[in-house]
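Q: Supplied in structure tokens, the structure appears directly below.
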Amino acid sequence: RYFLVGSNPAETKYRVLKIDRTEPKDLVIIDDKHVYTQQEVRELLGRLDLGNRTKIGQKGSSGLSRAVSAFGVVGFVRFLEGYYIVLITKRRKMADIGGHAIYKIEDTNMIYIPNDSVRVTHPDEARYLRIFQNVDLSSNFYFSYSYDLSHSLQYNLTVLRMPLETLKTETAQTRQESFDIFEDEGLATQGGSGVFGICSKPYEKYVWNGKLLEAVKNTVHRDWLLYIIHGFCGQSKLLIYGRPIYVTLIARRSSKFAGTRFLKRGANCEGDVANEVETEQILYDASVMSFSAGSYSSYVQVRGSVPLYWSQDISTMMPKPPITLDQADPFAHVAALHFDQMLQRFGSPIIILNLVKEREKRKHERILSEELVAAVTYLNQFLPPEHAIIYIPWDMAKYTKSKLCNVLDRLNVIAESVVKKTGFFVNRPDSYCSILRPDEKWKELGGYVVSTGRLQTGVLRTNCVDCLDRTNTAQFMVGKCALAYQLYSLGLIDKPNLQFDTDAVRLFEELYEDHGDTLSLQYGGSQLVHRVKTYRKIAPWTQHSKDIMQTLSRYYSNAFS
């Protein structure tokens, strides 16, 4: 057998899983659901060690040997023979949210479970193993032991508080009849108040190892299940007059219609789109770390391919293959499913910012715009006017080329109006200074205002054709606008405005560039071609030669690799 021993960080509590190695095909795992102390685990392993020695009384041969040390279980997978267990062997701390650490997987290890004596060999096993290992788990996969990364901070801090109230009232009634379950364990419950832990189910769409955990999900204790997200996570620290402010950017990539540029385009029949990434910027004051007493704020936005059936044929070897619509969809069925998902997760209004080219000599990108407008117009008939999908077309390429206006100023106008409609999440009520010195922009801000703070309702969904360069710059501008509100709501600046070339914005821009580069490498095979600097028209000439290199590297990776 294999024994998997897990502990809490302080190494005071342990759980043990027993994995049977005599089954050639099936996975037999026994979880006794018992929490051991350090002493008990030592005794248990000692007994196993003694009982499994070859000759009783022999000192040299040990009955138990350590196979591997790891930081978590990614899951269990089977191809043509028995099961493998995938373990995280190296991790790196990337961020910290309210004392909850977020780690990036640096290295993993696959261990074959069945013994050699019962192994049924299959000639193709090695090939499947190789294909599975093609997914490099050390590239931007993240996990956290105590924080649910698949949900937004707003969800984690508000929805999880709701059951607490109901539980308190329920237990007050049941406590009289029933005996106290903690009596025999010597845990005295003070004045009849128990301690409740609430665990949310992760949001399937952003979990990447859901399939790998399916085999054990219902047999082992919830603490063993480590859900993994893919995307980006970065954190920077701002010191504002001695107050430590952490700016965190988390991007969650959808696992439902995942794949690279040109191979995955548009949507599948369930309304999941290609290159769908939810980006969340979290701001908090690190002088108070707890979720209940500290100040936390977040803003969420989404990017994703145009939700229609469309594709590009890459066999032509052209740098820009023609866009074809594969299937007529007069009732916008796919788009409807897609926006259903979004409305369930974010509420309304859903705002679409479409950055696709409008004017072209040869009709290329425009095809998508026309179809999308038709779909949105059709769907809006069935939504009450106050919850209608808002569609903003804005040909970014055209404005970049024109000498008259500055792209980013125009984007800023759009960003302001978007943030005004959705609002943002903050877990503390408005500070008194906003009553003393009322700010015009602040008064008009949308979202829900509740007694504990503000909630974001609805979301901005940005798309261009690839959802890489143009999208990242637009998202950065919206993020910058929201960041100003977030800093203002935490009482750190006196007006909800931020200028370029300030330390805060420069730091935020670097985070966003990292985020864009990472997502671009995952979907397009190169880093960003056009950066925020390109659009600000302050990029040095050396930058243009870099751009050409990135374009070529992208062309190479989609044509050949």
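The values are calculated or read from the model by the stated rules, or taken from the named source; none is laboratory data. Treat the numbers as computed from the prediction; the structure is a model and nothing was measured. Neighbour counts run over all protein chains shown; Cβ positions are idealised from the backbone, glycine included. These area figures cover heavy atoms from the full protein model, side chains too; ligands, DNA and RNA do not enter into them. Shrake-Rupley method; radii C 1.70, N 1.55, O 1.52, S 1.80 Å.
Q: Within the set of pairs 6 or more residues apart or between chains, which connect a residue that is free of Cβ contacts under 8 Å to residues at least 40 places away in the same chain inside segment 429-440 to a residue that is open to solvent by 50 Å² or more (accessible area, probe 1.4 Å) with Cβ atoms less than 8 Å apart?
A: PRO429/SER451; PRO429/THR452
Q: Does ASP430 count as outside any helix (DSSP H, G or I), under 23 Å from VAL529 (Cα atoms) and open to solvent by 10 Å² or more (accessible area, probe 1.4 Å)?
A: no
Q: Test GLU165 against the stated conditions and say whether it is modelled with pLDDT under 60, out of contact with any Phe, Trp or Tyr (no Cβ under 9 Å at 6 or more places or on another chain) and charged (D, E, K, R).
A: No.
Residues are listed down the side, and each one gets a yes or a no for (1) out of contact with any strand residue (DSSP E or B) (no Cβ under 8 Å at 6 or more places or on another chain); (2) open to solvent by 50 Å² or more (accessible area, probe 1.4 Å):
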site: ILE314; (1), (2): yes, yes
site: ALA328; (1), (2): yes, yes
site: PHE339; (1), (2): no, no
site: GLU360; (1), (2): yes, no
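Q: Got a number for residues in segment 233-276 being among the small types (Gly, Ala, Ser) and farther than 30 Å from ILE323 by Cα?
A: Number satisfying all stated conditions: 3.
Here is a yes/no grid of residues against (1) assigned by the TED database to the domain that holds LEU17; (2) buried (at least 17 other Cβ atoms within 10 Å of the Cβ):
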residue	(1), (2)
TYR203	yes, yes
TRP208	yes, yes
LEU213	yes, yes
VAL216	yes, yes
GLY234	no, yes
LEU239	no, no
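Q: Would you mind telling me which numbered condition in (1) assigned to a helix (DSSP H, G or I); (2) within 30 Å of ILE367 (Cα to Cα) ARG461 fails?
A: The failed condition is (1).
Q: Among the residues of segment 39-47, is any surrounded by 12 or more Cβ atoms within 10 Å (Cβ to Cβ), out of contact with any strand residue (DSSP E or B) (no Cβ under 6 Å at 6 or more places or on another chain) and within 30 Å of GLY234 (Cβ to Cβ)?
A: no
Q: Under 8 Å by Cβ, and 6 or more places apart or on different chains, what pairs join a residue from segment 203-222 that is free of Cβ contacts under 8 Å to residues at least 60 places away in the same chain with one that is open to solvent by 80 Å² or more (accessible area, probe 1.4 Å) and not small (Gly, Ala, Ser)?
A: Filtered contacts from segment 203-222: GLY210/GLU204; ARG222/CYS199.
Q: Now for a separate question. Hey, ARG127 hits all of (1) open to solvent by 70 Å² or more (accessible area, probe 1.4 Å); (2) in contact with a strand residue (DSSP E or B) (Cβ under 7 Å, 6 or more places away or on another chain); (3) modelled with pLDDT of 95 or more but one; which does it fall short on?
A: (2) is the only condition that ARG127 fails.
Q: State the number of residues belonging to segment 226-262 that are free of Cβ contacts under 8 Å to residues at least 40 places away in the same chain and not in a strand (DSSP E or B).
A: 5
Q: Turning to a different aspect of this structure: Within segment 254-299, work out how many residues are open to solvent by less than 10 Å² (accessible area, probe 1.4 Å) and among the aromatic types (Phe, Trp, Tyr).
A: The qualifying residues number 3.
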